[in-house]
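Undergrad: Take this structure first; my questions come after.
Every read-out reported here was derived from the displayed coordinates using simple, explicitly stated rules and does not represent laboratory data. Quantities reported herein were computed from a predicted structural model and do not represent experimental measurements. Cβ sites come from the backbone with ideal geometry, for glycine too, and all protein chains shown count toward neighbours.
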Amino acid sequence: MNLTKKFLLAENEIPTQWYNIVADMPNVPKPLLNPRTKEELKPHQMECLFAKELVKQEFSAERWIDIPHEVRELYKIYRPTPLVRAFALERALDTPAKIYYKNESVSPVGSHKLNTALAQAYYNSKEGIKRLTTETGAGQWGSAMSIACKYFGLELEVFMVKQSYEQKPYRKFVIGCYGGKVYPSPSLKTRYGRELLEREPDCRGSLGIAISEAVEMAINTQDTRYTLGSVLNHVLLHQTIIGLEAEKQMEMAGEYPNKVIACFGGGSNFSGITFPFLRHKLSKEREVELIAAEPAACPKLTKGVMEYDFGDAAGMTPLIPMYTLGHNFKPEQIHAAGLRYHGGGQIVSQLKSDGFIKSYAIDQEETFRAGLMFAQTEGIIPAPESTHAIAATIREAQKAKEEGRREVILFNLSGHGMLDMASYEGYIG
């Protein structure tokens, strides 16, 4: 019996366009608000932070947006990524469900983050920007943005959540190897960081704090713009290449998923794999259930409130209509640092509010159990973030067994955990 089966596309089958789900949503999300005036944010007001083309994509309702040739050529370094039938995991679970996963861990940085990093670096370079700033939680986004900036001749400064900076030292080394500069956040590099450390010298940081620092530096530095790895519409747009490839690969397998699952922090990998499938449900062509797996320590979709909130801790970013735990929320310092974000993003929150998305809040012990089962069956040690999707997949496969249902489950393996071994050591120990 096969232990695994991979479905591979040819290089020339990489999608040529990204999919913008806003074009098909029954209820368009409420607008972003200016943080000072609380009035509807206009596109030009975001151009001090983001490249103009990215701002255009942020406000776009166009269904298909062309992927630039330069970006698509760089995608070919690692795309298309494999779709894999997880026979060994199915057998271990003794489930009638068929389980497939999209393996985004094969990218040079080991995660899906490069899909949007390449696009963002490209658009900024085309506009003559010299330097970018960003934040990173566990380090995957900082790593992706560092190599993307190197490809397009840009400088990069990264604010990394201090807990991860110290807990995951090899992530910061990867950022340095690619040419990025990385600082533990909160830092002494910004006014906000200095004020925070004066009040709370032992602050371990959060994504909201790191975003505030990166935004402040971008605003106050010439020829500099800010980039974000999740939450915003243009970021989710770029990630849809995952689901668009998976669609073609599921057709090769002769299947269509009943359920599509991904871990959830700000929404990038979840949106990337689910939105192309959701468009069939929105057009009433096919039925599919979408499940967001988030940490019990930071359950914004499961326990948050749908309201306007800042995307950062200092209140410098636009106000976003989203499920949120509050921009000052300080989550437990769990190992899945990439999921420790307080809000859910404009598009995903609207879809959740409209009943198109389910969410599970899963505790850390269950996710690590799932991660080890996946490693011992499929041979890949998953990132702590990705273990949440695996845990949710195992739950659904066990339900299928209990109820005698034969169904097809697809999940996104958003990254590997080879630089997270200290986290696994802590769990096993």
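Undergrad: Do you know the relative contact order of segment 103-191, to the nearest whole percent, from alpha carbon pairs under 8 angstrom that are 6+ apart?
TA: 27 percent
Undergrad: Have a look at the DSSP beta bridges in the chain and tell me what percent are antiparallel, nearest 5. Don't skip to the end; give the middle numbers.
TA: Values: 20 of 54 bridges.
Percentage antiparallel, nearest 5: 35.
Undergrad: Go through 6/303; 172/358; 189/352; 42/130; 113/401 and tell me which ones have a Cα-Cα distance over 27 Å in this structure.
TA: From 6/303; 172/358; 189/352; 42/130; 113/401, over 27 Å: 6/303; 172/358; 189/352; 113/401.
Undergrad: Let me ask something else about it. Which pairs break 32 Å Cα to Cα here: 126/330; 98/330; 56/76?
TA: 126/330; 98/330
Undergrad: For the chain, give the magnitude of the charge dipole about the Cα centre (Cβ charges: +1 Lys/Arg, -1 Asp/Glu; no others), in debye to the nearest 20.
TA: The dipole of the chain has a size of about 200 debye.
Undergrad: Have a look at 215, 260, 28 and tell me which one the Gaussian network model of the chain (Cα, springs below 10 Å) gives the largest fluctuation.
TA: 28
Undergrad: May I ask you to compute the full-extension gain from residue 42 to residue 27, defined as 0.36 nm times their residue separation minus their alpha-carbon distance, rounded to one decimal in nm?
TA: Value of the extension gain: 3.4 nm.
Undergrad: Here's another thing I want to ask about it. Hey, what do the phi angles of segment 81-86 turn into as Karplus ³J(HN,Hα) couplings, whole Hz, using 6.51/-1.76/1.60 and θ = phi - 60°, x for Gly and Pro?
TA: Running phi through 6.51 cos²θ - 1.76 cosθ + 1.60 with θ = phi - 60° gives 8, x, 9, 10, 8, 8 Hz.
Undergrad: Here's another thing I want to ask about it. To make sure I understand the rule: partners must be aspartates and glutamates, Cα under 15 Å from the Cα of residue 181, and not fewer than 8 residues away in the same chain. Which ones qualify?
TA: 135, 155, 157, 213
Undergrad: Right, next: Please name which of 147, 188, 160 has its Cα lying farthest along the dipole of segment 130-195 towards the positive end, using unit charges on Cβ (Lys, Arg +1; Asp, Glu -1) and the Cα centre as origin.
TA: 188
Undergrad: Once you list every other residue whose beta carbon is under 10 Å from the beta carbon of residue 346, what net charge do they have if Lys and Arg are +1 and Asp and Glu are -1? Working shown, then result.
TA: Values: positive: 30; negative: 58.
Taking every other residue near residue 346 into account, the sum is 0.
Undergrad: On to the next question. Which is the longest part of the chain that has none of the trypsin sites (Lys or Arg not before Pro) sitting in a DSSP loop with at most 16 other Cβ atoms within 10 Å?
TA: In short, 131-283.
Undergrad: Next question. Given a Förster distance of 41 angstrom, what is the FRET efficiency for residue 6 paired with residue 365, based on the Cβ-Cβ distance and rounded to 0.05?
TA: For R0 = 41 Å, the calculated efficiency reads 0.85.
Undergrad: What number, in percent, do you get for the relative contact order of segment 15-123 if the mean sequence gap of Cα pairs under 8 Å and at least 6 apart is divided by its residue count?
TA: It comes to 26 percent, rounded to a whole number.
Undergrad: Among 254, 153, 179, which one moves the most in a GNM of the chain with springs linking Cα atoms closer than 10 Å?
TA: 254
Undergrad: Using the basic label-point model (7 angstrom from Cα toward the beta carbon), what is the residue 221 to residue 181 distance in nanometres?
TA: 0.6 nm
Undergrad: Which whole-number percent of Cα pairs in segment 209-309 have a distance greater than 23 Å? Present the calculation step by step, with values, prior to reporting the outcome.
TA: Numbers: 2054 of 5050 pairs.
Every Cα pair in segment 209-309 considered, those over 23 Å come to 41 percent.
Undergrad: Here is a follow-up. Under 19 Å from the 7 Å Cα→Cβ point of residue 92, by amide nitrogen: which residues of segment 394-422?
TA: 394-402, 409-422
Undergrad: Sticking with this structure for a sec: Enter the Cα centre distance for the pair segment 1-34 and segment 233-293, rounded to the nearest angstrom.
TA: Using only Cα atoms to place each centre, the spacing works out to 6 Å.
Undergrad: Now, a different point. Select from 238, 280, 112 the residue whose mean-square fluctuation is largest in a Gaussian network model of the chain (Cα-Cα springs shorter than 10 Å).
TA: Looking only at 238, 280, 112, the largest GNM fluctuation is found for 280.
Undergrad: What does the C-alpha gyration tensor say about the overall shape of segment 88-191? Classify as rounded when a/c is under 1.5, otherwise prolate if a/b is larger than b/c, or oblate. Can you show the working numbers first?
TA: Values: a/c = 3.10, a/b = 1.68, b/c = 1.84.
Cα axes put segment 88-191 in the oblate bin.
Undergrad: Take the alpha-carbon centre of segment 360-421, take the same for segment 35-85, and report the distance between them in whole Å.
TA: Cα centroid to Cα centroid, the span is 29 Å.
Undergrad: Provide the FRET efficiency to the nearest 0.05 for the residue 59-residue 398 pair, computing r from the beta carbons and using R0 = 35 Å. Provide the component values of the computation, followed by the final result.
TA: Numbers: r = 43 Å, r/R0 = 1.22.
E(calc), rounded to 0.05, equals 0.25.
Undergrad: Sticking with this structure for a sec: What is the extension gain from residue 195 to residue 421, computed as 0.36 nm multiplied by their sequence separation minus the C-alpha to C-alpha distance, in nm to one decimal?
TA: Working: separation 226, 0.36 × 226 = 81.36 nm, distance 3.36 nm.
Working it through step by step, the gained length comes to 78.0 nm.
Undergrad: In addition: Which Rg and Dmax, in Å, describe the Cα atoms of segment 277-325?
TA: Just the Cα atoms of segment 277-325 yield Rg and Dmax of 14.8, 44 Å.
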